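Accompanying notes for the structure given below.
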Amino acid sequence: MAQKELLKVNNLKQYFPIKGGFLGRTVNHVKAVDDVTFNIYEGETVSVVGESGCGKSTTGRAILRLDDPTDGTIEFNGEDLLSLNKKEMRKRRKDIQVIFQDPYASLNPRQTVFQILAEAMEIQDVVPKDKRRERAIELLETVGLNAEQVDRFPHEFSGGQRQRIGIARALAVEPKLIICDEAVSALDVSVQAQVLNLLKKLQREFNLTFLFIAHDLGVVRHISDRVIVMYLGKVVEIADKKSLFDNPQHPYTKALLSAIPTPDPEAKKERIVLQGDVPSPINPPTGCRFHTRCPFATEMCKTDTPELRNLDNMAEGHQASCHHIEKIFSGDLVSKY
Amino acid sequence: MSEEIILDVKDLRTSFFVDDFEVKAVDGVSFKLPKGKTIGIVGESGSGKSITALSILRLLEKPGKIVGGEINFKGNDLTKASEQEIRSIRGNEISMIFQEPMTSLNPVYTVGQQIRETLKVHQGLGKEQGMEKGVELLKLVGIPSPQERIKQYPHELSGGMRQRVMIAMALACNPELLIADEPTTALDVTIQAQILELINELQEELGMSVIMITHDMGVVAETCDYVAVMYGGKVVEYADVKTIFKDPKHPYTVGLLNSIPRHDIDVDELEPIRGSVPSPKNMPNGCRFAPRCPFATDLCMEELPDLGDVSDENLVRCWIYSERWDGDPEVKEHGPKRTT
């Protein structure tokens, strides 16, 4: 089946200047996202995972043009988003919506649910004024809330319900792509499961495409079709869900997967505990950015930047950026700790 | 059990008094902790797990108050201890680490000054001895170049490093009991793995007992020996860690396990628990979980069950296992089903 490419991100770079010194000149840059390329097909869920500071949220914000990227292109439905002016971009956001992590902070406490939903419809002018109430009620029911709750304020809802309101607001303008930035991270597990099931149901119903930004790999395994692993502003591995979890190739992905506590006390597993912290993105390590913590790093890793590669032992579309995939796979290179 | 029990909490009740209204945050919690072991207290927000921890150390602030029960620590009832006695126990014999290391460290003092303060208050060490011991402690918790780090301020350290400093301070006086309240929740997974490994190692080395308060069943599985599952201010199930995961009996425990998206296996559809946690101002009269429980009967709605033996391994607070329960016979025989 030939799938339609909905979003294409090419060589995206997002550098934030650091001002300082006597004249407030730009003294350095935080390289939050550094040369990231990926695509998303219509109707699929692609997750971006990584630890704090890896650039996953910045990538999401750049696609929405909440920050203006330093370099690169972002094509949505064949159109370059970065060439649009503010007004045109605002129109385009009808198709690209976002759900944020904190449902407490992303809803206006002074607006009722109806006002919140109607505002979204008004800005994008998707529903005529006299039909908005009807549509708001319909949306609430779609996300599992009651029609009577339409005139209530956000504080009258629990965290999970507020996140449902956030989802309803995103759906109000009938988007094609929804960026979920840690959308379920703040919720308790029993409620998180409800919201995850809701997102899956909505995707089937409305043929939505999700870009799911998350740090919880359990959630990612549950919801994604494909997964992108980021480390310090770079993509280190990209694969379909099954390949990534069953046959990870990059040493960072392996360490990340092995670090998650498994909810089964009898599960036997070998844990790779990485030494040290994530380096600062201001002066990221040269060569492979992971070499300072990598148990397999060699001299070459300190100087040469690895490219994403697909090899024989990997499924189609599975790519990892490591110089030593072959040697680690064959066992010629062994972990230093 | 022939093991020595270091902490025996009996029917602990802690309430908050707001506007003439009593909010029962902890409502009859009992558990025993054998020496050298780790007990996990798990539950979702509002279950009362953190208040239980604060009650043990008597760190509650007004309007919170312990209104009943006993906290027996090595034979002493901490609920009856004087303020002076409890101060000598805090830090010396029982220490605590919190979730957010940035808010528990003072930003205007260096790491060294803060560790030294602990050592001065509790062990009367002077400046030089304090510094020496401080460097030793930072080395113990795996901080590289401790001589330099000890002169730094908290903002100069990463989240994982700060949590290591907190652990170093908590360990300063070789406590017998360490209470860890969500110690890794704010950290990235690779750092979480480091900290959990550190706590496990130190526990073995120093023979500490640990109370691990968490919402993450994965953390429980990897660190605990015993588990108390809390819901609505009550312990709803207590068992050893293998039993909790292999043969859970309470519908809430089962529901919690069924809701977890697993990173190690594929699950087609998660089975969430319907509804949300009840407000502590508005607790159901019967079983606290009844309004969300798929098996609840009239009995469950009206009367509160006791925490009782269901098997040799589990203590469960649920009507399903009593003779009076008249719900689904299938559930009665086999208990609630695990789907993952």
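For the reader, a short list of remarks on this structure follows.
- Rounded to the nearest 10 degrees, the inclination of helix A:159-171 to the longest alpha-carbon principal axis of chain A is 80 degrees.
- Counting Cβ atoms of other protein chains within 10 Å of each Cβ in B:274-281 and taking the mean gives 3.
- Candidate residues A:MET121, A:MET300: accessible-area rank, largest first, probe 1.4 Å: A:MET300, A:MET121
- Members of A:LYS4/A:LYS86; A:LYS13/A:LYS87; A:LYS4/A:LYS269; A:LYS56/B:LYS37 lying beyond 31 Å, as alpha-carbon distances in this model show: A:LYS4/A:LYS269; A:LYS56/B:LYS37
- Within the accessible area of the protein assembly as shown (1.4 Å probe), percent carbon and sulfur: 47
- Whether the protein assembly as shown is rounded, prolate or oblate, judged on the alpha carbon gyration tensor where a/c under 1.5 counts as rounded: oblate
- Reduction of at least 20 Å² in accessible surface, 1.4 Å probe, comparing all protein chains with the chain by itself, residues of region A:22-55: A:GLU51, A:SER52
- Members of region A:184-211 that become less accessible by 40 Å² or more once partner protein chains are added (1.4 angstrom probe, chain alone as reference): A:ASP188, A:VAL189, A:SER190, A:ALA193, A:GLN194, A:ASN197
- For region B:94-174, the solvent-accessible area with a 1.4 angstrom probe is 49 square angstrom per residue.
- Probe 1.4 Å, accessible area per residue of chain A, Å²: 45
- Per the accessible-area calculation with a 1.4 Å probe, the total area buried between chain B and chain A rounds to 3500 Å².
- Normalised convex hull volume, region A:250-336, alpha-carbon set, Å³ per residue: 134
- Here the sum of -39500 (n - 2.57) over DSSP H runs of 4 or more residues, divided by the residues of the protein assembly as shown, equals -9000 deg cm²/dmol at 222 nm, to the nearest 500.
- Placing unit charges on the Cβ atoms only, positive for Lys and Arg and negative for Asp and Glu, gives region A:250-336 a dipole magnitude near 280 debye about its Cα centre.
- Using heavy atoms of the protein chains and a probe of 1.4 Å, the accessible area assigned to B:ASP306 is about 120 Å².
- In this view, the solvent-accessible surface of B:CYS318, computed with a 1.4 Å probe and all protein chains in place, comes to about 20 Å².
- Hull shadow area, averaged, region B:94-174 [alpha-carbon convex hull, nm²]: 4.7
- Ranked by the mean number of other Cβ atoms within 10 Å of their residues, highest first, the peptides A:45-56, A:311-322 come out as A:45-56, A:311-322.
- In sequence order, region A:205-215 has phi-based couplings of 5, 10, 6, 7, 10, 10, 10, 9, 9, 7, 10 Hz under the Karplus curve 6.51 cos²θ - 1.76 cosθ + 1.60, θ = phi - 60°, and Gly or Pro positions carry x.
- Charged-residue dipole, Cβ positions (Lys, Arg, Asp, Glu), chain B about Cα centre, Debye nearest 20: 1120
- Unit charges on C-beta of K, R, D, E only; dipole of the protein assembly as shown, Debye: 1980
- Listed residues B:PRO107, B:VAL121, B:PHE21: farthest to the positive end of the dipole of region B:3-127 (Cβ charges): B:VAL121
- Whichever aspartates and glutamates have a C-alpha closer than 14 Å to that of A:LYS94, once near sequence neighbours (fewer than 8 apart) are set aside: A:GLU119, A:GLU122, A:ASP125, A:GLU174
- Reachable aspartates and glutamates, given that their alpha-carbon falls under 14 Å from the alpha-carbon of A:LYS31 and they are not under 8 places away in the same chain: A:ASP67, A:ASP68, A:ASP71
- For region B:143-148, Karplus couplings with θ = phi - 60° (6.51, -1.76, 1.60), whole Hz, Gly/Pro x: 8, x, 6, x, 4, 7
The values are calculated or read from the model by the stated rules, or taken from the named source; none is laboratory data. Given the structure is predicted, the values throughout are model-derived calculations rather than measurements. Ideal geometry is used to build each Cβ from the backbone, glycine not excepted, and the neighbour counts take in all protein chains shown. Accessible surface is based on the protein model in full, side chains and every heavy atom, while ligands, DNA and RNA are left aside. Shrake-Rupley method; radii C 1.70, N 1.55, O 1.52, S 1.80 Å.
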